[in-house]
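The structure appears below as structure tokens.
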Amino acid sequence: MKVLFLGGTGNISTACSRLALAMGWDLTLLNRGRTRSDSLPGARTLVADLGDPAAVAKVLGDQVFDAVVQFIGYSPADVERDIALFSRRCRQYVFISSASVYQKPLAHPVVDESTPLGNPFWDYSRAKIACELRLTEAWRASGFPAVIVRPSLTYDTVIPTAIGGWTDFGIIERMRRGAPVVVHGDGTSLWTITHSDDFAKGLIGLIGHQQAPGHAFHITSDELLTWDQIYQAVAAAAGVEARLVHLSSDAIAAIEPWQRGNLHGDKAHSAIFDNAKIKRFVPGFRATIRFADGIGRTLAWFEADPARRRVDAAGDRLLDRLVAAAQAQRVGAAS
């Protein structure tokens, strides 16, 4: 299998690259060369900026791939460029979208691929929806072999808390010094977090699947956790107990407007993902990494290199402001 990954060294895509190489595939990564790929021995790297289609066409030459996987496409312009670049260069084009494209708020808590698309809260999600619509149009009009894949809060080299975390290690340092952290709502809404190694099993199973073009799939774990349980698992992996403070999503967004997309457009709503479709197309797919185990692996990765333990002082100050708002809210309710 000859495969081209656009990206290939990120939080989700590195695990996919590792698995493709383990399968013995001929893997090429195309990116700007800013992220080290020496941890992926066997992969070839082409260096070009996807924003410069002429440069990309030059480094690709006359190569044809069984599949191209787009990990770093975010706008309809990205998709339009890819259709032009790869229509004659691949037998399958896989676009990594986002499960945040699904209807918000959900009319039904169980999400499958027939759930309507629509997110009035988050520009990121609306752009992904526009990408999906353009690819579906290209599939219908000209047979462009597009497959749409929707991950939901997938982690490996990021800390997947809703407020704080991600590439910032500050929430771990905060927990370890005994400072409170903020959970949106009352902490009881349900969410699904998926390890990148599990996601990779589903994605790699779709690559080259002759029946997949024209279809959309989400790939998630079947493990359901409340947000309180998620933060408690992160704290346990850090070797401490979490001090949780709850604040409504509305109040959080009033203090930090960006959180309106992150919360109202995604994590504030319970979502139970039905993975029947990916299991039907990839019969061997099963997510096996519990969050309590996976987050331990993630923290070990951060702690293996001091440069990864970056603390964002502004993010820490924001958490202080949110904690103060929650405490003021409690005082006001009690008076």
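Tabulated data for the structure shown
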read-out	value
Excluding exposed DSSP-loop trypsin sites (Lys or Arg not before Pro) (at most 15 other C-beta within 10 Å), longest clean stretch of the chain	92-176
Coarse-grained scattering of the chain at q = 0.09, 0.10, 0.14, 0.15 Å⁻¹, given as base-10 log I(q)/I(0) from a Debye sum over alpha-carbon atoms	-0.49, -0.61, -1.16, -1.31
Cβ-derived FRET efficiency at R0 22 Å, Arg176 paired with Asp312, nearest 0.05	0.90
Helix 227-237 vs. the chain, principal-axis angle (Cα, 0 to 90°, nearest 10)	90
Whether the stretch 115-157 is rounded, prolate or oblate, judged on the alpha carbon gyration tensor where a/c under 1.5 counts as rounded	oblate
Share of alpha-carbon pairs per 5 Å distance bin for the stretch 220-335, given as whole %	2, 9, 12, 16, 19, 18, 12, 7, 4, 1, 1, 0
Per-residue [θ]222 nm for the chain (sum of -39500 (n - 2.57) over DSSP H runs n ≥ 4, rounded to 500)	-11500 deg cm²/dmol
At R0 = 51 Å, FRET efficiency that the Cβ-Cβ distance of Ala236 and Gln211 yields, to 0.05	0.75
Segment Thr167-Gln229, extension gain: residue separation times 0.36 nm, minus the distance between their alpha carbons	20.3 nm
Scattering profile of the stretch 82-152 at q = 0.17, 0.18, 0.20, 0.24 Å⁻¹ [log10 I(q)/I(0), Debye over alpha-carbon scatterers]	-0.65, -0.71, -0.83, -1.06
Percent of beta bridges antiparallel (DSSP, the chain, rounded to nearest 5)	10
Spin-label model distance (nm) - Ala22 vs Gln329, 7 Å beyond Cα toward Cβ	4.2
Alpha-carbon centroids, the stretch 1-70 and the stretch 255-309: separation in whole Å	23
With Cα atoms, 0 to 90° folded angle of helix 291-303 axis to the chain main axis	90
Label point at Lys2 placed 7 Å out along Cα→Cβ; residues across the stretch 187-214 whose backbone nitrogen lies under 20 Å	207-210
Rounded FRET efficiency, nearest 0.05, which uses the C-beta distance separating Arg280 from Asp186 and R0 of 45 Å	0.80
Dipole axis of the stretch 199-280 (+1 Lys, Arg; -1 Asp, Glu on Cβ), positive-most option in Gly208, Thr226, Ile255	Gly208
Distribution of pairwise C-alpha distances over the stretch 28-157, 10 Å bins, in %	11, 38, 34, 15, 2
Distance histogram in 10 Å bins (all Cα pairs of the stretch 270-331, percent per bin)	16, 19, 28, 25, 11, 1
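Rule-based calculations on the coordinates, nothing more; no lab input. All figures in this text were calculated on a predicted structure; none of them were measured in a lab. We place every Cβ from the backbone using ideal geometry, glycine too, and count neighbours over all the protein chains shown.
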